Ligand SMILES: NC(=O)C1=CN([C@@H]2O[C@H](COP(=O)(O)OP(=O)(O)OC[C@H]3O[C@@H](n4cnc5c(N)ncnc54)[C@H](OP(=O)(O)O)[C@@H]3O)[C@@H](O)[C@H]2O)C=CC1
Ligand SMILES: CC(=O)[C@H](N)C(=O)O
């Protein structure tokens, strides 16, 4: 068996949707693959398809990232296999129901998958990649990270976590050759909508992107060196203006006085 010079990309949530397309595209770019999701049957199907159309080595690990022991196995694997050079943190679930109509236990499970599992896998990968002299982590966030009013609020908040965490990772670890990209897709035509209790039929077709187009645009953004990629945003200057406004706030977010509008007398 020969091994890829690009190394191995681990893709979570690779049995369907966006993750399965990442797996396909990364294989075509020369990566070997480790595909992770709960359904062994669907993973095998994706692996067979990719192995049949590329030269890459594909292995699969059935794991429920909401299960502590399964998650621990994947963390261990990231640390143990020196050939792993990329992690795509894609596994995630969403919701569309407003707070008063959503089940708090389901919200907790969403937080555990979208935040806790992603965080633990990132720790494992970041430590390993820095020790190995470099690597890439792609975090799949969402447009709702900056528009939490659109879908279920807990879902939006989990994706805002992914965006904030990624910005911080980039600041802390870019000089250690850890490449971070965070991707903010809009509505994508996948099973996500059935799982979250929503329907793509409620959206105008011009708001829905196919997962192939999403992943191809996101990987083009990676090639262009983007930290934040918003695959459907027509004018990237709009993101840069948003980011510049955020940066402008930073020096004034922690000061020893409150401004005149709050009417607090300044001590003599
Ligand atoms: N579709 C959309 O409109 C958008 C999606 N996203 C994000 O993209 C990512 C992928 O979603 P998408 O492809 O659309 O959705 P899909 O439902 O099509 O795919 C989700 C994937 O995650 C896996 N998965 C779900 N739960 C677990 C778990 N507990 N442990 C391990 N794997 C799990 C599923 O496999 P299995 O069931 O076999 O475990 C599947 O492979 C998510 O993070 C989502 O939030 C972001 C913006 C838009
Ligand atoms: C922005 C969207 O519509 C999307 N479904 C998401 O997961 O955030």
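Quick notes on this one:
- Residue among 93, 115, 140 that alone is within 12 Å of ligand 1 (Cβ to nearest atom), modelled with pLDDT of 95 or more and farther than 17 Å from residue 185 by Cβ: 115
- Single match in 81, 44, 24 (criterion: within 24 Å of residue 142 (Cβ to Cβ) and modelled with pLDDT of 95 or more): 24
- Restricting region 23-42 to residues that are more than 19 Å from the chain's Cα centre (by Cα) and free of Cβ contacts under 8 Å to residues at least 60 places away in the same chain, the residue that is surrounded by the fewest Cβ atoms within 10 Å (Cβ to Cβ): 41
- In region 162-172, the residues that are surrounded by fewer than 17 Cβ atoms within 10 Å (Cβ to Cβ) and either within 11 Å of ligand 1 (Cβ to nearest atom) or within 13 Å of the chain's Cα centre (by Cα) (or both): 164, 167
- Total residues in region 124-152 satisfying the condition of being surrounded by fewer than 20 Cβ atoms within 10 Å (Cβ to Cβ), within 16 Å of ligand 2 (Cβ to nearest atom) and free of Cβ contacts under 8 Å to residues at least 40 places away in the same chain: the figure is 4.
- Taking (1) without any contact (Cβ under 8 Å) to a residue 12 or more places away in the chain; (2) in contact with a strand residue (DSSP E or B) (Cβ under 9 Å, 6 or more places away or on another chain); (3) loosely packed, with under 15 Cβ neighbours inside 10 Å in turn, residue 3 satisfies each apart from (1).
- Among the residues making up region 179-227, those that are within 17 Å of residue 158 (Cβ to Cβ) and more than 9 Å from ligand 2 (Cβ to nearest atom) are 182, 183, 195, 197.
- Being surrounded by fewer than 17 Cβ atoms within 10 Å (Cβ to Cβ), more than 15 Å from residue 231 (Cα to Cα) and within 13 Å of ligand 1 (Cβ to nearest atom) is a property that residue 208 lacks.
- Residue in region 94-106 that is touching a strand residue (DSSP E or B) at 6+ places or on another chain (Cβ under 6 Å), in contact (Cβ under 8 Å) with a residue 12 or more places away in the chain and on the phi < 0 side of the Ramachandran plot present: no
- Positions within region 75-97 being farther than 19 Å from residue 30 by Cα and surrounded by fewer than 21 Cβ atoms within 10 Å (Cβ to Cβ), in sequence order: 75, 76, 77, 79, 80, 93, 96, 97
The values are calculated or read from the model by the stated rules, or taken from the named source; none is laboratory data. What you see is a predicted model; the values in this text were computed from it and never measured. Positions of Cβ are generated from backbone atoms using ideal geometry, with glycine treated the same way; all protein chains shown enter the neighbour counts.
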